[in-house]
1. Scattering from the C-alpha atoms of the range 1-147 alone, worked out with Debye: what is log10 I(q)/I(0) at q = 0.10, 0.16, 0.21 1/Å?
2. Would you be so kind as to identify which of ALA71, THR101, GLY54 lies farthest towards the positive end of the dipole of the chain, taking Lys and Arg as +1 and Asp and Glu as -1 on Cβ and the Cα centre as origin?
3. Name the residues whose placed amide hydrogens come within less than 5 Å of the amide hydrogen of ALA56, ignoring near sequence neighbours (fewer than 5 apart) on the same chain.
4. Using Cβ counts within 10 Å as a stand-in for footprinting exposure, how do ILE246, ILE69 rank, fewest first?
5. Read phi for every residue in the range 128-136 and hand back ³J(HN,Hα) as whole Hz from Karplus 6.51 cos²θ - 1.76 cosθ + 1.60, θ = phi - 60°, with x for Gly and Pro.
6. With springs only between Cα atoms under 10 Å, which of ALA71, ALA221, ALA157 fluctuates most in a Gaussian network model of the chain?
7. Where in the range 75-147 are there GluC sites (Glu not before Pro) that are in a DSSP coil and have at most 12 other Cβ atoms within 10 angstrom of their Cβ?
8. Just want the ordering: ILE145, ILE10, ILE182, ILE151, from fewest to most Cβ atoms lying within 10 Å of their own Cβ.
Amino acid sequence: MLLKDKIAVITGTASGIGRASAILFAHHGAKVICIDIDDQPGQAVVEQIRADNGDAVYYHADITSSEQIQAVVRECEKTLPRVDILFNNVGRTLKQTFEATTEEGWAQMLDVNLTGGFLCAKYFLPLMKKAGSGSIINHASVDSILGNPSIVAYTAAKGAWIPLTHVMAHDLGKYNIRVNAISSGGIKTAMTARHGAANQSRIDVTPLARQGEPEEVAHVALFFASGWSSFVNGANLVVDGGRTGITPGCYNA
């Protein structure tokens, strides 16, 4: 029970890594605040957690809306003494080259993949400060490290998370709040399922020769959320089967 009596906020819990993390965190004793815009599967995750004798509640909120996030925070303040963990998990891709990227698409990707996480951290921070310590986990991407020419705006948004994590780790350390990032890639989710043949091309240059499971990222989030990482702050942990650990073009040489 690594998170016994902890209170964790996770965004994007209706599917994929967010869903796996919510279930895992609850299994380890946390009360999980689940946030998503896809209400039916979002509520289903809460029902599954409760059926397993866990504790969870679901809130509908678009993380790109300051008003909606603040409304969730106000609801949490009514019943919760604090928040110990925030996992900024939400992410969505838009496949466009640089020339094809529209202003609308650019703004949309920055809102979903960057600004939304900023808003969650900003407005949940007072509840985290009440805890006297805590952990914020920012979900970056392997595209934050090397870039992906087919998803330009997503890459730009996710690329900001690593330096932002460093700055947050510095600024929030005085509250004993640690801030770390996860750069995942090649994970088997509903979102990546839409990539079709591109998934196999990524597997071909992944030393472990497979896609990762959402639970494998959730376990890294659990590490950052728990006391096991009590002196880890400002780190970025890559979860991609080794794909970014090699020089592109050399793997099959």
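1. One equal scatterer on each Cα of the range 1-147 leads to -0.34, -0.83, -1.33.
2. Toward the positive end, the furthest listed residue is GLY54.
3. Close amide H contacts, sequence-distant or interchain: VAL32.
4. On the way: ILE246 12, ILE69 23.
Least to most surrounded, the residues fall as ILE246, ILE69.
5. 6, 5, 5, 6, x, 5, x, 9, 10
6. Sorting by GNM fluctuation, first place goes to ALA71.
7. When the GluC sites (Glu not before Pro) of the range 75-147 are filtered for loop state and at most 12 Cβ neighbours within 10 Å, GLU99 remain.
8. Numbers: ILE145 17, ILE10 31, ILE182 26, ILE151 21.
The fewest-first ordering by Cβ neighbours comes to ILE145, ILE151, ILE182, ILE10.
Taken together, the values in this text are just the output of simple stated rules run on the coordinates, not laboratory data. In this text the structure is predicted, and so the values were computed from the model without any measurement. Cβ atoms come from the backbone with ideal geometry, glycine included; neighbour counts cover every protein chain shown.
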